Each structure stands twice: as structure tokens, then as C-alpha cells.
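The values are calculated or read from the model by the stated rules, or taken from the named source; none is laboratory data. Computed from a predicted model, the values in this text were never measured in an experiment. Neighbour counts are summed over all protein chains in view; Cβ atoms, including those assigned to glycine, are modelled from backbone coordinates with ideal geometry. SASA here: full protein model, heavy atoms, side chains in, ligands and nucleic acids out. Shrake-Rupley method; radii C 1.70, N 1.55, O 1.52, S 1.80 Å.
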Amino acid sequence: FEDNWKKSRNTDLLIGAYHKFNLTKDGEEQAEYFSDAMGKSIDGRLIPAVEVKISGFYKIITPEKQKVVKNLKSFCDVIKKKYNVKPLIICNNKSYEKYLSDDFSKYPIWIDSFFSEPEENIEWSFWGYTPRMKFRGYENKDEYVTLSIFNNSMNIEEFKKKFVC
């Protein structure tokens, strides 16, 4: 990450970073770890993102909502304080309904709702709609990438004002 993060400064691409949120760990500690990796300034980068998904073991035993919300609020507060921006929250329908809908509706949302449209009550900025896209010339150990779309009509300058630090 560190090498790619540094070298990506020399490109014209819009580059960002995301943190895979642990539903049961302290949010402030996770944000500090994430921000340490990104550094003090993220000027010119995409806004930080945090992935909040119910997956793996948590599909069987989901963590208590109150604890997850508290940890995620702590995470978001640290990011807002350090970078003066609300992070983009990446989630799926289940995690949005369980943890985000009541307390994070004012945050930009990237919803991964593979093979079907996101739930109607979710105001999303990005929609990951298929995890099975292949591109010629793209090297990835998993072979496939997620294909996503943006839910708005704006030019690149407007996009940058909203999603670039």
C-alpha cells in the first residue's frame, strides 16, 4: 500500500483509499491506523472510504447495533477531524439496514448490491452491481473486478468538489 500510495501521486488518476472496518473493534483505533497509512495530507485524493459489511462469521452472529454504530461514529469523527471530510461508506443492503440507515444517512454511500438494484430507501452515490467484470490488460490475482456506477449527473469538476479532498 505504502509504495502504491506514494507512486500514485505522480498520475492523473483520481486515487483514494478505503479501510475494511472491523465491526467489533474500537473505531478510533481503526481510524488512527487508517489515517497513519494515508498520511497527514490527502489533498487531491478521493475522500477516504470505509467498508462496513456483514460478512463471514458475522452473517451467523451479527454484532450488536449499538456497539457497531458507536465504533463507526468514532471512526468517522476521527476522519472528519483529520481531513475535514465525511468518509464514503461502502456497504451492502444488509449492513445498511442493520447499522447505517438511522445514523449515517447524511454520509455518501457506496452500496454493493450485486445483480439487483439497491433497496429503494437507500440514497446512494455509487452502486457496485457486479463483482464479475474482466478487463483486457488488467492484472489481478482474483481475475475479476467489481463494476460500479455513479448515481448522479455532474461534470468532472462538480464530482471533484464533492468527492476529492
message: 7 Å from Cα along Cα→Cβ at both Met154 and Asn121: what's the point-to-point distance in nm?
response: 2.6
statement: Given the candidates Ser116, Ile15, Asn151, the one whose Cα lies deepest towards the positive end of the charge dipole of the stretch 3-153, counting +1 at each Lys or Arg C-beta and -1 at each Asp or Glu C-beta, is Ile15
message: Considering only protein heavy atoms and a probe of 1.4 Å, how much of the accessible area of the chain is carbon and sulfur, as a whole percent?
response: 48
message: Taking 45 Å as R0, compute the FRET efficiency from the Cβ-Cβ separation of Glu32 and Arg136 and round it to 0.05.
response: 0.65
- prompt: What is the gain in length, in nm to one decimal, between Trp5 and Lys73 on full extension, counting 0.36 nm per residue of separation less the C-alpha to C-alpha distance?
  reply: 21.9 nm
query: Once you sort the root eigenvalues of the Cα gyration tensor of the chain as a ≥ b ≥ c, which label holds: rounded (a/c under 1.5), prolate (a/b larger than b/c) or oblate (the other case)?
result: rounded
query: List the GluC sites (Glu not before Pro) in the stretch 93-165 that DSSP assigns to loop (not H, G, I, E or B) and whose Cβ has at most 11 other Cβ atoms within 10 Å. Which are they?
result: Glu120, Glu139, Glu143
message: If amide hydrogens are placed 1.01 Å from N in the peptide plane, which non-local residues have theirs closer than 5 Å to the one on Lys20?
response: Glu51
message: So with the 1.4 Å probe, I'd like the accessible area per residue for the stretch 1-142, rounded to whole Å².
response: 64
